[in-house]
Amino acid sequence: MQENRGRFSSRIGFLLAAAGSAVGLGNIWGFPTQAASNGGAAFLLTYLVLAFCLAYPVLMVELVLGRHARGNPITALRRISSGERTRAGATLIGSVGVLVASLILSFYSIVGGWMLAHFLSAIAGLAGFDQWSAWLTGFSWQRNVLFTLFFMLLTIRIVSKGVESGIERWSTRLMPSLILMLLLLTLYVLTLDGAMQGLKSYLIPDFSRLWSPSLIVSALGSAFFSLSLGVGTMLIYGSYVDESESLPSLGAQVTLLDVGVAVLAGFLVMPAMYVAAHNGVEIFSASGELISEDTLIFSVLPALFDTMGVAGVLVGLAFFLLMSIAALTSSISMLEVPVATLIENSSLERGRSAYLVGAVILVVSLLIISQFSSLFGFVVALTTRYSQPLLGMLFCIYLGWIWHRDQVLQELKRGSPDVAQGLFWKVWPVWVKYVCPVFVLLIFWQAL
């Protein structure tokens, strides 16, 4: 079984695949809108501190567990358990993690379909098919079903090809494209009237807001969720990493990539919001609050693009292509969690497993679409606000309190022989054992 699991063929392949998992709609859509709602630069500064103080240590928990076990979340937690109770708990926690990853993909594929539809709408607009363009951006059952199916098939197709030929190959193509488009769009938006005001809001902190409890908890949540933590995606990817690689170094590089893309997205979206305001688009209420945080990219930004003529159509096309790529690189990692689990616990080969799991998740997506008003928000809250923080805390507890410290050190030494003499080993085990569970529990408590 171990020989058939697959491996990343190179360090850059893992980095881009893991960064693709971490870099998603949350970075490009969620982070900038959170920043806009929480004091701009004050939020940015808090986020950067918490990303490295919390998200990186928890990411390392998943990478170490994954490479040690060479298996899915259930296998990984059971392998480090020392008694019947902890093994039973490991089975439950791992199973819930696989289920939550599947549920996240069930709504994520709907949103990914919206991005593809808006991208094609821009093409239809350029070609003069205004009626088709309007249908593609309208909220209809038929459109949602069609593009959710299309997006899910893209995800299934890539995952069915395996780790090296599917996930790694497409990640190394999509991630550089994403970063390049994000950079070019940012440079263009910064040349427009009004952009400098948004840039100042993003970069000059209001230090009086730094100690706001709501800002700290929001930044904590963004730092945690942006790295796809708590549902086993990074654990699965860690299981495909070669033993000769230094996990602390890999984890730091993934965190830097993820945080870097989120920060760069802020340089695009925050100035774009103020450009929209300069062009007459209403983005803030009389009290100064962001009017449409959740629907920003479907309302405020298209309104901005409309004020820019033909150039706006081209910018909108590039922007929604960027969002589609971001959604796809994350959805690949989410599908890989249940697919890898099924492969390792059955006789099914990868292709059939990918299509079977994908079909089941698609059925759930269609159910959400059919009862959108009551189910969509519920599934989002259940998975991202409640389940992920609790699962992340439990992963930390298993590594910090149940797995023997010397065994953790031996796993780290495989790619970093001198790790015991460095600062990482002196701080990380204690940090994961005591500090991370408290902070993750804080996120969970705030969600409740």
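The values are calculated or read from the model by the stated rules, or taken from the named source; none is laboratory data. No experiment lies behind these values; they were computed from the predicted model shown. Don't worry about glycine lacking a Cβ; one is built from the backbone with ideal geometry, like all the others, and counts go over all protein chains shown.
State whether the residues of the stretch 392-405 include one that is among the hydrophobic types (A, V, I, L, M, F, W, C) and free of Cβ contacts under 8 Å to residues at least 24 places away in the same chain.
No, the stretch 392-405 contains no residue that is among the hydrophobic types (A, V, I, L, M, F, W, C) and free of Cβ contacts under 8 Å to residues at least 24 places away in the same chain.
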Determine if the stretch 238-250 includes at least one residue that is within 15 Å of the chain's Cα centre (by Cα), touching a residue at least 24 places away in the same chain (Cβ under 8 Å) and surrounded by 24 or more Cβ atoms within 10 Å (Cβ to Cβ). no
Quick check, is Leu314 at pLDDT 85 or above, closer than 19 Å to Gly20 by Cβ and not charged (D, E, K, R)?
no
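Inside the stretch 355-442, counting only helices (runs of 4 or more DSSP H) that do not spill past its ends, which hold 2 or more residues that are of a type in the set (D, E, K, R)?
Working: elements: 372-380, 388-397, 405-413, 423-430.
In the stretch 355-442, the matching helices (runs of 4 or more DSSP H) lie at 405-413.
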So, first residue free of Cβ contacts under 8 Å to residues at least 24 places away in the same chain and acidic (Asp, Glu) in the stretch 347-371, second residue part of a helix (DSSP H, G or I) and surrounded by fewer than 20 Cβ atoms within 10 Å (Cβ to Cβ), Cβ within less than 9 Å, six or more apart or across chains; the pairs are Glu349/Asn4
For this session: Determine, yes or no, whether Phe52 is closer than 22 Å to Phe31 by Cα, in contact (Cβ under 8 Å) with a residue 60 or more places away in the chain and surrounded by fewer than 22 Cβ atoms within 10 Å (Cβ to Cβ).
Result: yes
Restricting the stretch 432-443 to residues that are of a type outside the set (Val, Ile, Thr) and surrounded by fewer than 19 Cβ atoms within 10 Å (Cβ to Cβ), the one modelled with the lowest pLDDT turns out to be Leu442
Glu336 passes all but one of the listed conditions (1) in contact with a Pro (Cβ under 6 Å, 6 or more places away or on another chain); (2) modelled with pLDDT of 95 or more; the exception is number (1)
Picking from Ser365, Ser387, the residue that is surrounded by 18 or more Cβ atoms within 10 Å (Cβ to Cβ), among the hydroxyl-bearing types (Ser, Thr, Tyr), closer than 26 Å to Trp114 by Cα and modelled with pLDDT of 95 or more would be Ser365
A careful count of residues in the stretch 179-234 that are part of a loop (DSSP other than H, G, I, E, B), more than 23 Å from Leu16 (Cα to Cα) and at pLDDT 80 or above gives 7
